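The values are calculated or read from the model by the stated rules, or taken from the named source; none is laboratory data. Owing to the predicted nature of the structure, the values given are computational and were not obtained by experimental measurement. Glycine gets a Cβ as well: all are built from the backbone with ideal geometry, and neighbour counts include every protein chain shown. Side chains are part of the model used for accessible areas, which takes the heavy atoms of the whole protein and leaves out ligands, DNA and RNA. Shrake-Rupley method; radii C 1.70, N 1.55, O 1.52, S 1.80 Å.
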Amino acid sequence: MTRGRGWLLAYGALTAAHLVTIGIGETWSQAIAKVLLMPTLAVWARLNGGPVTLLVALAASLAGDFLLQIDHLLPGMLAFGVAHACYVVLYARRARRRSLVVLAAYGVVWAGALVLLWPGLGDNRIPVAVYSLLVTATAVTSGWNGWQAGLGGALFLISDGLIGAGLAGHDFAARGYLVMATYCVAQYLLAGNLLPGAKHTR
């Protein structure tokens, strides 16, 4: 994964810039930095031989980023649902060992989080339940592919869990930072571990 290091550095810089714009509350800069994240990561992935399905996942994530930025929740969830479906397919195919322990553990996490958030979700209950199942599936299948990919899936679940907490009325000062910080690291880890030269540590 030595090609396109400049693009990967740009992804890191955009991540930092976006977190800064969250702090200063500058809407336009925040939106611009956010929508540049996934295209930058996609170029890096492509230069390093990333599969087409991964590029579809990153393109769907771009659509989701944009839609959520302009407060279109359900279309944004649908776009990210496509991204997670791509990740599940990619990671399920390459898994050499499918751990029932990982599946059971994440099943408990999914059910527990849904129970906690359910009262505050209102009309979003069913969409969140379905979408969160897809995010959990990404966490499970990536977890079958070593700790680095598994960390990416876990961080994506945490990021979206924090969004769900906000939807349910459980907000706190650093939530926006944590959502995007965990999301950006998650996307890098998930994408990077799907590249031909990636080392899959178990």
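Summary of values
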| read-out | value |
| --- | --- |
| Fully extended contour minus Cα-Cα distance, from R5 to I70, at 0.36 nm per residue | 20.3 nm |
| Sparsely packed trypsin sites (Lys or Arg not before Pro) within the range 1-76, loop by DSSP, other Cβ within 10 Å at most 15 | R3 |
| The chain: DSSP helices with Cα axial extent of at least 18 Å and average Kyte-Doolittle hydropathy no lower than 1.6 | 52-69, 100-121 |
| Calculated [θ] (222 nm, deg cm²/dmol) that DSSP helices of n ≥ 4 give over the chain, each run adding -39,500 (n - 2.57) | -27500 deg cm²/dmol |
| Average accessible surface area per residue within the range 54-123, 1.4 Å rolling probe, Å² | 56 Å² |
| Accessible surface ranking that places the most exposed of L68, L36, L90, L100 first, with a 1.4 angstrom probe | L100, L36, L68, L90 |
| Cleavage-rule hits (trypsin sites (Lys or Arg not before Pro)) in the range 87-126: DSSP loop, at most 10 neighbouring Cβ within 10 angstrom | R96, R97 |
| Share of carbon and sulfur in the accessible heavy-atom surface of the chain [1.4 Å probe, %] | 71 percent |
| Contour excess over end-to-end distance, with Cα ends at L100 and I126 and 0.36 nm allotted per residue | 6.8 nm |
| Where only alpha carbons of the range 128-202 are counted, the Rg and the Dmax (Å) | 13.1, 43 |
| 15 Å beta-carbon shell around A13, net charge (K/R +1, D/E -1) | +2 |
| Cα Rg over Rh - the chain, Kirkwood | 0.95 |
| Using a Förster distance of 25 Å, the FRET efficiency for L116-A174 (Cβ separation, nearest 0.05) | 0.85 |
| Charge dipole of the chain about the Cα centre (unit charges at C-beta), most positive-ward option of T53, G122, L155 | T53 |
| Neighbourhood charge, 15 Å Cβ-Cβ cut-off, centred on T182 and excluding it, Lys, Arg +1 and Asp, Glu -1 | 0 |
